[in-house]
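The values are calculated or read from the model by the stated rules, or taken from the named source; none is laboratory data. All of these numbers come straight from a predicted model, not from anything done at the bench. With ideal geometry, Cβ positions are generated from the backbone for all residues, glycine too; neighbour counts draw on all protein chains shown. Just so you know, the surface numbers come from the protein's heavy atoms only, side chains and all, with ligands and any DNA or RNA stripped out. Shrake-Rupley method; radii C 1.70, N 1.55, O 1.52, S 1.80 Å.
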Amino acid sequence: MWNYEKRLQYPVNITKPNAKIAQYILSQYGGPDGEIGASMRYLSQRFTMPNRMAAAVLNDIGTEELAHLEMVSTIVHQLTRDLSMEEIEKSGFGPYYIDHTVGVWPQAAGGIPFNACEFQSKGDPVTDLFEDLAAEQKARSTYDNILRVVRDMPEIADPIRFLRAREIVHFQRFGEALRSVQENLDAKNFYAFNPSFDNPCKASCKDCK
Amino acid sequence: MNENRSGKQLLNRINQVSFAVDDLLLYLDTHPCDERALMLCRKMVKERKELLEEYAQNFGPLTIDCTDMSESESWKWMEQPFPWEREGGCR
C-alpha cells in the first residue's frame, strides 16, 4: 500500500521549454536504465528475498524510485509545456509529438517503448542483487551523460544531480543487502542452493541450522 | 517555531526533513542497531509530522492523513496543486 504526498522528493522548477533535452531525459523515465524499470525491478524482486534486510532494502528503494520517476516525468513535462510548433519541428521532437502531443509516455531517448524485458526478476537473491547493483551504476552513467549536456542549465542540472547522487547511495545499500544474504550462505560455495527456492529456511531464519 | 513562515519556506523545510528521513530509512535497513541514526531518525520523523500538520493548517493538506486539519466545507485535498504545476499558473 502506498500513500501519495503532494510534493516532489526534490523540487523541480523549470521555466524554459526545451524539446531536445526533454527527449534525452525521457530516457530516465521509460528507457533501459530508467526509473520505471528500477522501481518495477525492485518491487517485483522483493517477494523472494531470503532475509528481512534484503526485502526491506528492495521495498524501500523500490518506493523511492516511484518518487524519482515522478521527478523525471515532471522535468519532461515542464520542458515540453508551452512549446511552439517551430521548436517542436526544429528540435527533432516531431515524431514524438505526432504520437503523444506533449503527453508523458515511457520510452527511451531513441524512441524504443518501455518494456519489462529491461529488467529481470530471477527468484535467486544473489542473481537479483547483482543485477540491482549494475542497474544503479547504469542509471548513474546515464545521469552523467545527461549532465554533460545540461551542465549550463542549472534549473535542469540541479534535480538531475540529486537523482545521480541517489544512485550511488542505493548502490551502497544493495551491496550491504548482498553481503547480508551471502553471510547466511556457505562461504565455500555460495551457489550450493538457491536460498529462495531449494531450501528457504536455512538461509532465512537464524533458529534453524 | 517561526510563526510567519511562507508556504514556500515551510514546504522547503518539509522537503529537507523528509529527505533526511528517506536517507536514514535506507541506512537503518542495513544498520538497524546504529544508535545515532535511530535517534536522528526519531527526531526527524517527529519534526516531519509537526511540519506536515503546520502546513495543512495554514495552506492545505499534503497527505491524506492531514485532511482533518481544517474545518473547511470543501475538499481541500483536491484544491492543493500538484507538484509539477507552475506557481500561480492555471494547470
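Based on the Cβ-Cβ distance of A:Thr15 and A:Phe130, what FRET efficiency does E = 1/(1 + (r/R0)^6) give at R0 = 25 Å, to the nearest 0.05?
Working: r = 41 Å, r/R0 = 1.66.
Calculated value: 0.05.
Please return the longest stretch of chain A lacking exposed loop sites, where chymotrypsin sites (Phe, Trp or Tyr not before Pro) count only if DSSP places them in a loop and at most 10 other Cβ atoms lie within 10 Å. Longest gap between qualifying sites, sites excluded: A:3-190. In the context of the full protein assembly, A:Ile25 retains an accessible surface of approximately 0 Å², using a probe radius of 1.4 Å and ignoring ligands and nucleic acids. Over the residues of chain A, the helix contribution to mean residue ellipticity at 222 nm works out to -19500 deg cm²/dmol, using -39500 (n - 2.57) for each DSSP H run of at least 4.
Here the stretch A:19-208 has 55 percent of its accessible surface on carbon and sulfur atoms, given a 1.4 Å probe and all protein chains in place. Per residue of chain B, the DSSP helices (runs of n ≥ 4 H) give a summed -39500 (n - 2.57) that works out to -19000 deg cm²/dmol at 222 nm.
Of the chymotrypsin sites (Phe, Trp or Tyr not before Pro) found in chain B, those in coil by DSSP whose Cβ has at most 15 other Cβ atoms within 10 Å are B:Trp75. Taking every protein chain into account, the accessible area of the protein assembly as shown amounts to 55 square angstrom per residue (probe 1.4 Å). Think of chain B as having a plus end and a minus end, set by charges on the Cβ of Lys, Arg, Asp and Glu; of B:Ala56, B:Asn15, B:Ser74, B:Asn15 sits farthest toward the positive end of this dipole.
The angle separating the long axis of helix B:7-30 from the principal Cα axis of greatest extent in chain B is about 30 degrees. Residues of the stretch B:30-74 whose accessible area, computed with a 1.4 Å probe over protein heavy atoms, drops by at least 50 Å² once all protein chains are present relative to their chain alone are B:Thr30, B:Leu62.
For helix B:35-58, what angle does its Cα long axis make with the longest principal axis of chain B, in degrees from 0 to 90 and rounded to 10? In chain B, helix B:35-58 runs at an angle near 10 degrees to the longest axis. Taking a span of 20 Å or more along the helix axis (Cα atoms) and a mean Kyte-Doolittle hydropathy of at least 0.0 as the rule, the DSSP H helices of chain A that qualify are A:52-80.
Classify the protein assembly as shown: rounded, prolate or oblate, from the alpha-carbon gyration tensor (a ≥ b ≥ c, eigenvalue square roots; a/c under 1.5 rounded; otherwise prolate if a/b is larger than b/c)? Since a/c reaches 1.5 but b/c is at least a/b, the shape of the protein assembly as shown is classed as oblate.
Since only B:Ser6, A:Cys117, A:Thr15 are under comparison, the one whose Cα sits farthest along the positive direction of the charge dipole of the protein assembly as shown, derived from C-beta charges on Lys, Arg, Asp and Glu, is A:Cys117.
Pairing chains A and B buries close to 2500 square angstrom of accessible surface in total, based on protein heavy atoms and a 1.4 angstrom probe. Note: relative contact order over chain B, using C-alpha pairs below 8 Å and six or more positions apart, is 22 percent.
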